1. For the structure I just gave you, tell me whether residue 77 is modelled with pLDDT of 95 or more, out of contact with any Leu (no Cβ under 9 Å at 6 or more places or on another chain) and not polar (S, T, N, Q).
2. Just to check your reading of the model, which residue among 198, 190, 153, 184 is touching a Gly at 6+ places or on another chain (Cβ under 6 Å) and at pLDDT 95 or above?
3. Anything in the stretch 126-141 that is in a loop (DSSP other than H, G, I, E, B) and either at pLDDT 95 or above or not small (Gly, Ala, Ser) (or both)? List them, or say none.
4. Looking for whichever is open to solvent by 60 Å² or more (accessible area, probe 1.4 Å), over 14 Å from residue 209 (Cα atoms), part of a strand (DSSP E or B) and in contact with a Phe, Trp or Tyr (Cβ under 8 Å, 6 or more places away or on another chain) here; the options are 110, 123. Which one fits?
5. Kindly provide the set of residues from the stretch 175-196 that are β-branched (Val, Ile, Thr) and assigned to a loop (DSSP other than H, G, I, E, B), ordered by number.
6. Could you please find all residues in the stretch 200-214 being crowded, with 19+ Cβ neighbours inside 10 Å and hydrophobic (A, V, I, L, M, F, W, C)?
7. In the stretch 161-173, which residue that is of a type in the set (Phe, Trp, Tyr) and in a strand (DSSP E or B) is surrounded by the most Cβ atoms within 10 Å (Cβ to Cβ)?
8. Condition first: part of a loop (DSSP other than H, G, I, E, B) and either touching a strand residue (DSSP E or B) at 6+ places or on another chain (Cβ under 8 Å) or among the hydrophobic types (A, V, I, L, M, F, W, C) (or both). Now tell me which residues in the stretch 197-214 satisfy that.
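The values are calculated or read from the model by the stated rules, or taken from the named source; none is laboratory data. Note that this is a predicted model, so its numbers are computed, not measured. Here Cβ is always computed from backbone atoms with ideal geometry, including for glycine, and neighbour counts include all displayed protein chains. To get the accessible areas, we keep the full protein, side chains included, count just its heavy atoms, and leave off ligands, DNA and RNA. Shrake-Rupley method; radii C 1.70, N 1.55, O 1.52, S 1.80 Å.
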Amino acid sequence: MLNSRIFNWLMILGCMVLCSSACQEEDPFLGAGIYDENYADSPVFLFTNQSTSTEIQAGVNDFYMYATYDFLSTEEIVFNSQFIKLESCSVDCEESLAFYIKTVNAEYTNGDVLNSQALVLGNYDFSDSQDFLAGNVTVEYTSVDGITYRSDLAEQTSESYFIVNTVSDYLKNENNDPTKLVELELTCVLKAVDGEQLIEFVNATGTIAIAFPE
């Protein structure tokens, strides 16, 4: 009888562990949008700049993916996707990377971004310091030494491009907003906010999350 009770208890305990693991794997957005590298079967949010062999990956070196959106004074929406560091970060904590994408559909207020054509596949134009038009994108990068660079401050070349290749459904974020998984590629010039320094992203690729209002 004792062996039977022990066996039953072990079976229950095993089921509880399996259930807990399954529930965790369904939602890699933890806390403030953190992506945990332990989710090997989940999509990995990352950015790779081919020209400098630079890679940023959520769940590595204290980076996490934070996806949200803002309403401008015109009521148009800007989708914000950011690689930022945890508050507990101890090394190179200044480094961050953000993509600001203004809705393609100026009338968009909520709902699935693909069905409403707020986010579409294909080419996007870079915004400049004067205008942030519908369908424009701005890239912002802060280096490990704290220098912030923006694409809207630099004059883009004929080789510059920003392409959204795929958009697919993903999990809700910590604000309970639905998100999309977005794969993109880009080449652009970025200029320092305070200074004349320039950096380039060349043949860069990224997988990011985009949040939107239901």
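1. yes
2. The match here is 184.
3. We begin by selecting, within the stretch 126-141, every residue in a loop (DSSP other than H, G, I, E, B); these are 127-135.
Scanning the stretch 126-141 gives 127, 128, 130, 131, 132, 133, 134, 135.
4. Result of the check over 110, 123: 123.
5. 193
6. Those that are crowded, with 19+ Cβ neighbours inside 10 Å and hydrophobic (A, V, I, L, M, F, W, C): 201, 204, 208, 209, 210, 211, 212.
7. Top of the filtered list is 162.
8. Answer for the stretch 197-214, where residues must be part of a loop (DSSP other than H, G, I, E, B) and either touching a strand residue (DSSP E or B) at 6+ places or on another chain (Cβ under 8 Å) or among the hydrophobic types (A, V, I, L, M, F, W, C) (or both): 197, 212, 213.
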